[in-house]
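The structure under discussion appears below in the form of structure tokens.
The values are calculated or read from the model by the stated rules, or taken from the named source; none is laboratory data. Computed from a prediction, not measured in an experiment: that's the story for all the values here. Note that we place each Cβ from the backbone using ideal geometry, even for glycine, and neighbour counts take in every protein chain shown. When the accessible area is computed, the model is the full protein with side chains, heavy atoms only, and any ligands, DNA or RNA have been set aside. Shrake-Rupley method; radii C 1.70, N 1.55, O 1.52, S 1.80 Å.
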Amino acid sequence: MASRPFAEWARTADAVRATTKKLSKHAALAGYLGALDEADLPIAARLFAGAPFPRRDERVLNVGWSALADVLLERSGRSADDMRASYQRHADLGDVAHELVGASPAQGDPLTLADVDAAFATIAAARGTSAKRELLRGLLRRASADEARYLVKVIAGETRIGLREGLLEDAIARAFGRDHDAVSRANMLCGDIGTAALHARRGTLETPTLRHFAPIGMMLATPVLDLAEVGRRFPPPYIVEDKYDGVRAQVHKAGDRVELYSRTLDRVTRRYPELIEPLRAIPGSFVLDAEVLAFEGDRAVPFTRFQTRLGRKDVTGELQARLPASLVVFDVIERDGGVLLDAPLEERMAVLRRLPLGGPLRFTHGRVLEETGEALVAALDAEFTASRARGDEGLMVKDPRSPYRPGRRGMEWLKVKRALRTLDVVVTAVEWGHGKRRDVLSDYTFAVRDGDRLRNVGKAYSGLTDREIADMTEHFKDTTIEDFGRMRLVRPDTVIEVAFDQVQRSDRHDSGYAMRFPRIVRLRPDKPVDQIDTLDTVREIAEGR
Ligand code: AMP
């Protein structure tokens, strides 16, 4: 069957948006999804979730706001002023696209779901902004105003069409007469609402349980900015482990077969030949969650050194001898036929401790903390220092009551990495915030010095107090150089101190670098702009790690 028109999808999305009633949303969605064939269904479901790709997929479109704005201006033939005015009204690039494109006709063949899916794949695969722009141009040329609205929303990552993933799961369940929890579970295990929808259609929602050698999404952790935040996330007890700075691995064993999978669910067994025999020697079947790294004695080898092994598909004897891999096991999700996904962590740890690990296989360094308040902060602080002394990165704090949630980032696993260091930078652009912060300019883009130029290196939500943010909003209104509606370029005179975990090469900013997890520590009115940190320093930090 030929792929269905994308216009139909957009009409359904409009219908969902038009109502606040859950039942009407369900009815519109279920009716539409229920009529799709096997090829279109997963694409349509993913798009309703606002995602161009399966969740488990690492691909990103990586289309900058400015490229999107440029292409939109071209497609609509409207001016930058029109765009600004429209943005002031809607504060959503998708709705701006809809308004600007208006009655201007689409060209070429009408888009189908398969066309949209293929276009996203090519955009993600394209390298460089101009290639991406060209592809985007080709896609939007074929889109009507209604279609452009949703394409732009997905590309800009703002699919606020009043549809939470839970509601989508509900609609899928209803479309095919299945149970909501079964759909939700399949979604979790598949790491993709599209595949889950296919299972619902086929009546195979029970198949995506855990199967050996079919890796599932790994449970993810949420970063906390300081130790005091831990106590606000959940009550004691806390399982506290070292955060090992290595490579995540999911280990499957059944019969004589052992395989290791990466976070992207690729098979990486051949990278670590020295781990295979010891794993095979453990009786029975299992699925483990673990980290691969190297040790010298009891100290972890820094990741940058271990990394030299990773680029290779096959590891030579020489590399193996120089940097033998160890496996630190911190979770077990299947043991001897019993799936442990729903068992509380505490119970899984008990199963884990009964595994006969030895040689290159180790247990995670874990202990239980019962403290609260300041005593908890003090205990975590001591654990943190001890973990760093062992060469590890920081701490993982886990809720002993929690199940294993494949592919989910929740508050049940917290990661505590202390900021590497801070840099003094200058604010070059600001944006209106969201929700409670929609009336203040709370998101800052900032730059370092490069000779007499400024080069952007990151963007952060303000970590300042409400009072400071309000004052800074007034200041930025006065120092606006250009007002793009949602975003304003401002006179670069506000120096702030930002903390971050890492600096990486990236083409997101014109400096060629981007900070990971930047947060604003404080305003630095005492510091003149010509004394802020430089691009050389950023480069040193990035290359030095
Ligand atoms: P991050 O990569 O910074 O998002 O931190 C999460 C990662 O920490 C996980 O994906 C694991 O690879 C790694 N990790 C290290 N030690 C542990 C541990 N004890 N428990 C869970 N994850 C860990």
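For the pair Thr20 and Glu370, a Förster radius of 56 Å applied to the C-beta separation gives a FRET efficiency near 0.80, rounded to the nearest 0.05.
Once the Cα-Cα distance is subtracted from the 0.36 nm per residue extended length, the Glu474 to Asp342 segment shows a gain of 42.4 nm. Here's the picture: charge each Lys and Arg Cβ at +1 and each Asp and Glu Cβ at -1 in segment 261-382, and of Ala382, Phe286, Thr264 the one pushed furthest to the positive end of that dipole is Thr264. Taking K and R as +1 and D and E as -1, what net charge do the other residues with C-beta under 12 Å from the C-beta of Leu167 add up to? Around Leu167, the charge tally is +2.
Taking the Cα centre of segment 267-383 as reference, the dipole from Cβ charges on Lys and Arg (+1) and Asp and Glu (-1) amounts to some 860 debye. Pop the C-beta distance of Asp81 and Thr316 into the FRET formula with R0 = 56 Å and round what comes out to the nearest 0.05. After rounding to 0.05, the efficiency reads 0.35.
Between Ala15, Ser3, Val96, the Cα set farthest toward the positive side of the dipole of segment 1-130 (charges on each charged residue's Cβ, about the Cα centre) is that of Ala15.
What is segment 220-416 by shape, rounded, prolate or oblate, if you read a ≥ b ≥ c off the alpha carbon gyration tensor as root eigenvalues and call it rounded for a/c under 1.5, prolate for a/b larger than b/c, and oblate otherwise? Oblate shape, in that a/c is at least 1.5 and b/c is the bigger or equal ratio. Take the chain with all the other protein chains still there, run a 1.4 Å probe, and you get 45 Å² of accessible area per residue.
What number comes out for the charge environment of Glu482, summing +1 per Lys or Arg and -1 per Asp or Glu over other residues with Cβ under 12 Å away?
Computed value for this residue: +1.
For segment 427-493, relative contact order (Cα pairs under 8 Å, six or more residues apart, normalised by length) works out to 34 percent.
Cα convex hull, segment 135-234: 204 Å³ per residue, rounded to a whole number.
The gain in end-to-end length when the Val60 to Thr308 segment is fully stretched comes to 86.7 nm, 0.36 nm per residue minus the alpha carbon separation.
Between Arg270 and Arg354, what FRET efficiency comes out of the Förster formula 1/(1 + (r/R0)^6) with R0 = 30 Å and r the beta carbon distance, rounded to 0.05?
0.55
Hydrodynamic analysis of segment 228-307 uses the Kirkwood radius over alpha carbon pairs. Inserted into Stokes-Einstein at 20 °C and 1.002 mPa s, it gives a translational diffusion coefficient of 145 µm²/s.
Ordering Gly433, Val538, Leu310 by Cα displacement along the dipole of the chain toward the positive end leaves Leu310 in first place; charges were set at the Cβ atoms of Lys, Arg (+1) and Asp, Glu (-1).
Determine the dipole magnitude for the chain: charges of +1 sit on the beta-carbon of Lys and Arg, -1 on that of Asp and Glu, nothing else is charged, the reference point is the Cα centre, and the result goes in debye to the nearest 20. It would help to have the intermediate numbers written out before the result.
Values: 85 positive and 83 negative charges, 174 e Å.
Once rounded to the nearest 20, the dipole reads 840 debye.
Taking every DSSP bridge with both residues inside the chain, close to 90 percent are antiparallel. Beta-bridge orientation, segment 421-542: approximately 95 percent antiparallel, per DSSP, counting only bridges with both partners inside. Start at zero, step by 20 Å, and the Cα-Cα distances of the chain spread as 18, 48, 32, 1 percent across the bins.
Taking only protein heavy atoms and a 1.4 Å probe, the accessible area of the chain is 49% carbon and sulfur. Dividing the summed helix terms, -39500 (n - 2.57) for each DSSP H run of n ≥ 4, by the number of residues in the chain produces a 222 nm estimate of -11500 deg cm²/dmol to the nearest 500. Annotation: aspartates and glutamates with alpha-carbon distance below 15 angstrom to Lys417 (same-chain offsets under eight excluded): Asp226, Glu229, Glu241, Asp242, Asp245, Asp381, Glu383, Asp392, Glu393, Asp501.
Protection proxy ranking of 487-495, 375-383, by the mean of other Cβ atoms within 10 Å over each peptide's residues and highest first, is 487-495, 375-383.
Would you mind checking the pairs Lys25/Lys153; Lys132/Lys253; Lys25/Lys415; Lys25/Lys132; Lys25/Lys459 and listing those with alpha carbons more than 30 angstrom apart?
Lys132/Lys253; Lys25/Lys415; Lys25/Lys132; Lys25/Lys459
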